[in-house]
1. Between VAL24 and residues 5 or more places away or on another chain, which pairs have amide H atoms under 5 Å apart, with H built 1.01 Å from N, and which residues are they?
2. Loop sites only, by DSSP: take the GluC sites (Glu not before Pro) in the chain that have at most 11 other C-beta atoms within 10 Å and name the longest stretch containing none of them.
3. Calculate one ³J(HN,Hα) per residue across the range 22-37 by plugging θ = phi - 60° into the Karplus curve 6.51 cos²θ - 1.76 cosθ + 1.60, and present them in order as whole Hz with x for glycine and proline.
4. If you count only protein heavy atoms with a 1.4 Å probe, what accessible area per residue comes out for the range 101-212, rounded to a whole Å²?
5. Treating only the Cβ atoms of Lys and Arg (+1) and Asp and Glu (-1) as charged, compute the dipole magnitude of the range 92-238 about its Cα centre; round to the nearest 20 debye.
6. Listed here are the pairs LYS198/LYS235; LYS46/LYS110; LYS166/LYS189; LYS46/LYS140; LYS125/LYS166; which of them are more than 21 Å apart at the Cα?
7. Could you provide, to the nearest whole Å², the per residue accessible area of the range 1-88 with probe 1.4 Å?
8. Can you compute the modelled spin-label distance between LEU203 and GLU5, with each label point 7 Å from Cα toward Cβ, in nm?
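The values are calculated or read from the model by the stated rules, or taken from the named source; none is laboratory data. Remember, it's a predicted structure, so these values are computed and weren't measured experimentally. Cβ placement follows ideal geometry from the backbone for every residue including glycine, while neighbour counts extend to all protein chains displayed. Calculation scope for accessible area: heavy atoms of the full protein, side chains included, ligands and nucleic acids excluded. Shrake-Rupley method; radii C 1.70, N 1.55, O 1.52, S 1.80 Å.
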Amino acid sequence: MKYNEKTKLWESPYWHPAVTTDAVVFGFDGEQLNVLLIQRGLEPYKNMWALPGGFMRPDDESAQACASRELREETDVSDIYMEEMQTFSHCNRDPRERVITIAFFALVAKDQYHVRGGDDATKAKWFSIKDLPELAFDHKDIVALALERLRQRIHFEPIGFHLLGKEFTMPQLHNIYKAILDPPENDTKLGDRRNFQKKMLNLGYIRETGRKETGNPHRSPKLYTFDEEAYQQAKKIGMRLEF
């Protein structure tokens, strides 16, 4: 590594790969877990579905900023929390050149966003996690790892609440856990709604709002909300949700 006095830059004799980011954005439609995908408008893999993402700009753009920018440009989804997940660096993952991608994942309340394709994406669309199309690059592997991480963490962290609005019913929360964990149909632990409600309330960080859901002529389930302060207290003793 040498410093060039004329350009005021360090010059490296080492080869530099390209760097991209990809975002696995999970949403919930009331029954199933969904993933946000874009249809590629350019080669390679033109017209195939892929994760929102792209090349990091060669200035002072961080990986987090790149992931947020690409998601906004390609799907019109912005201002969401994304967490860095893992780096994917297989030699042949991109046919253009050696490309290393930094994968992020996020959970959003799906009905709060109107997605649309933009930039080099012709379309943006939600797909059920159980019915994904063939994906470009190694994006199938990235989605699989994101789902595995989600299933692991939901026992320790209340991440499922990111898929809901500020207020929710217990059946809605129950459906999210079933959609993520995908238990067998004969499962008696997670499948029983009363047992689920008892366990969730015993955690201490879900509280009633005193209101009920309106618009249902047959029944009006209670509305609950997530208590962040109570969760931080529960977190100190390492609470785990077992099913």
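1. Close amide H contacts, sequence-distant or interchain: PHE104, PHE105, ALA106.
2. So the longest stretch without any such site is 32-96.
3. 9, 10, 9, 9, 8, x, 10, 9, x, 10, 10, 7, 10, 10, 7, 10
4. Details: 6060 Å² over 112 residues.
Here the per-residue accessible area is 54 Å².
5. 520 debye
6. Details: LYS198/LYS235 19 Å; LYS46/LYS110 26 Å; LYS166/LYS189 26 Å; LYS46/LYS140 16 Å; LYS125/LYS166 24 Å.
Over 21 Å Cα-Cα: LYS46/LYS110; LYS166/LYS189; LYS125/LYS166.
7. Ligands and nucleic acids excluded, the result is 57 Å² per residue.
8. About 6.3 nm separates the two model spin labels.
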